[in-house]
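The structure appears below as structure tokens.
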Amino acid sequence: MSPDLLNFLLTIGRVFSPLYSLMMRLRASLYAKGIIVSERLSLPVVSIGNLTMGGTGKTPVVMYVVRLLGKQYRPAVISRGYGGRGAKAINVVSDERTLLLGPETAGDEPVLLAQSLSGVPVITGAKRVETGRYVETNTSADLIVMDDGFQHLALARDLNLVLFSGDELLGSGWVFPGGVLREPFSALARADAFVVTGISSRNRRNVLEFKERLQREFPAKPLFEIPYTVKSFTSFNTEPGSCSVSQLQNKKLFTFCGIAKPESFFFMLREAGLQIGGTKAFADHHPFTANDLSDLCMEAQRAGCEGLLTTEKDFVKVKGLPVSMPVWVAPLIVTASIEFDQFVLDKVKAAK
């Protein structure tokens with residue numbers, strides 16, 4: 001969908017935004033008053049979610065938090081599994097030993113989490129209460145990390161982290177279908193802390209103003225910055241292993257991805273000093289095919305590029321497809337502060 005068409009649809013959708021916003025306020029109020037009850041599991045639950053619709057760099061932060069907690073606990077991850085065709089109430093993407101499902105069934109993000117988090121069960125399903133119960137009774141986990149759980153009020157949580165993209169923040173400020181907000185701004189009162197990701201030279205001023213607003217509206221809630229960078233690249237169809245940024249800077253590369261905010265990814269690569277000879281953005285969660293890779297190789301060759309470069313999330317769907325050019329993968333490295341780490345650990349310790 002072109003940006004112009006998207007903006008047109010969002011403008012039309014603003015007529016309905018107040019109604020949707022009212023419905024979300026009413027729903028949250030019913031839970032807050034106990035008229036609809038949130039179920040509490042026997043295990044502590046950490047929720048990592050968004051107020052906006054995708055594109056906040058959530059998956060790398062989920063990985064970071066799971067690894068942080070894994071130093072003291074045995075975490076499991078539960079997720080909706082968006083983009084996957086798994087129709088069961090419980091889809092075991094990975095147990096504590098083996099990857100069991102592919103991205104077609106489980107979705108790209110759960111498979112990436114399962115591949116990256118060795119020994120961590122990853123379970124998907126539409127109802128997070130049911131997936132949480134499965135973790136309780138069928139794994140050795142003593143802690144649950146709920147991916148994209150801010151709006152999933154049916155499951156009580158002990159820590160509620162809300163992420164924002166430095167590039168988008170609140171977007172236009174309109175609630176769906178007139179904008180990218182899933183709920184009105186006031187829903188942030190439910191959060192325990194805020195995290196801004198993807199901060200760069202092009203958005204820092206807007207991020208500073210946004211942080212000041214959050215601190216005015218919610219002065220008791222901590223606010224953290226979690227940058228992500230690219231420090232190395234992995235090749236899967238040339239010589240195995242990884243290479244540094246400097247080792248790829250002399251190659252002209254064609255970059256593609258199917259993520260919510262592709263321009264953020266492209267900008268980050270250019271800031272790292274890579275020669276980007278061309279870019280191609282697909283829809284978020286795009287199911288890549290052999291024809292896609294063939295077309296990308298032809299575009300890259302026409303642009304004089306020596307290879308393709310993509311994200312970890314897209315790589316789980318590209319791996320195994322025939323491709324006539326070298327393909328590199330850019331893992332995002334997350335670096336959080338000591339204060340963030342301690343805040344998360346203290347909250348989980350209190351819940352235990």
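The values are calculated or read from the model by the stated rules, or taken from the named source; none is laboratory data. It should be emphasised that the depicted structure is a prediction, and the values quoted were computed from it without experimental measurement. Every residue, glycine as well, gets a Cβ built from its backbone with ideal geometry; the counts of neighbours run over all protein chains shown.
Answer yes or no as to whether VAL77 is assigned to a strand (DSSP E or B), modelled with pLDDT of 95 or more and aliphatic (A, V, I, L, M). When the stated conditions are applied, VAL77 passes them. Against the list (1) surrounded by fewer than 23 Cβ atoms within 10 Å (Cβ to Cβ); (2) under 14 Å from the mean Cα position of the chain (by Cα); (3) of a type in the set (Ser, Thr, Tyr), the condition THR137 fails is (2).
Residues that are surrounded by 15 or more Cβ atoms within 10 Å (Cβ to Cβ), within 19 Å of ASP158 (Cα to Cα) and not β-branched (Val, Ile, Thr) within region 19-51 comprise ALA28, TYR31, LEU41, LEU43, PRO44, SER47, GLY49, ASN50, LEU51, listed in sequence order. Screening region 245-276 for residues that are surrounded by fewer than 18 Cβ atoms within 10 Å (Cβ to Cβ) and touching a Lys or Arg at 6+ places or on another chain (Cβ under 7 Å) and picking the one that is nearest to GLY83 (Cα to Cα) gives ILE276. Considering only region 185-223, state which residues are of a type in the set (S, T, N, Q) and either in a helix (DSSP H, G or I) or surrounded by 13 or more Cβ atoms within 10 Å (Cβ to Cβ) (or both). SER186, THR197, SER200, ASN203, ASN206, GLN215 - these are the residues of region 185-223 that are of a type in the set (S, T, N, Q) and either in a helix (DSSP H, G or I) or surrounded by 13 or more Cβ atoms within 10 Å (Cβ to Cβ) (or both).
Listed by first and then second residue, the pairs linking a residue in region 134-146 that is assigned to a loop (DSSP other than H, G, I, E, B) to a residue that is of a type in the set (Phe, Trp, Tyr), with Cβ atoms under 6 Å apart and 6 or more places separating them unless they lie on different chains, are ASP142/TYR73.
Look at THR105 and say whether it is assigned by TED's automatic domain parsing to the domain that holds ASP341, surrounded by fewer than 21 Cβ atoms within 10 Å (Cβ to Cβ) and over 19 Å from the mean Cα position of the chain (by Cα). For THR105, the condition - assigned by TED's automatic domain parsing to the domain that holds ASP341, surrounded by fewer than 21 Cβ atoms within 10 Å (Cβ to Cβ) and over 19 Å from the mean Cα position of the chain (by Cα) - is not met. The residues listed here are LEU30, LEU10; of these, the one that is modelled with pLDDT of 95 or more and of a type outside the set (Val, Ile, Thr) is LEU30. The residue list VAL316, VAL348, VAL323, VAL344 contains one member that is farther than 26 Å from VAL66 by Cα, touching a Leu at 6+ places or on another chain (Cβ under 7 Å) and touching a residue at least 60 places away in the same chain (Cβ under 8 Å), which is VAL323. Being within 22 Å of LEU170 (Cβ to Cβ), in contact (Cβ under 8 Å) with a residue 12 or more places away in the chain, in a strand (DSSP E or B) and in contact with an Asp or Glu (Cβ under 8 Å, 6 or more places away or on another chain) is a condition met by no residue of region 8-24. Scanning region 302-323 for residues that are over 30 Å from VAL62 (Cα atoms) and surrounded by 14 or more Cβ atoms within 10 Å (Cβ to Cβ) turns up ALA303, CYS305, GLU306, VAL323.
Against the test of being within 24 Å of GLU225 (Cα to Cα) and either of a type in the set (Lys, Arg) or not assigned by TED's automatic domain parsing to the domain that holds GLN115 (or both), the options GLU339, GLU312, GLU299 yield a single qualifying residue, GLU312.
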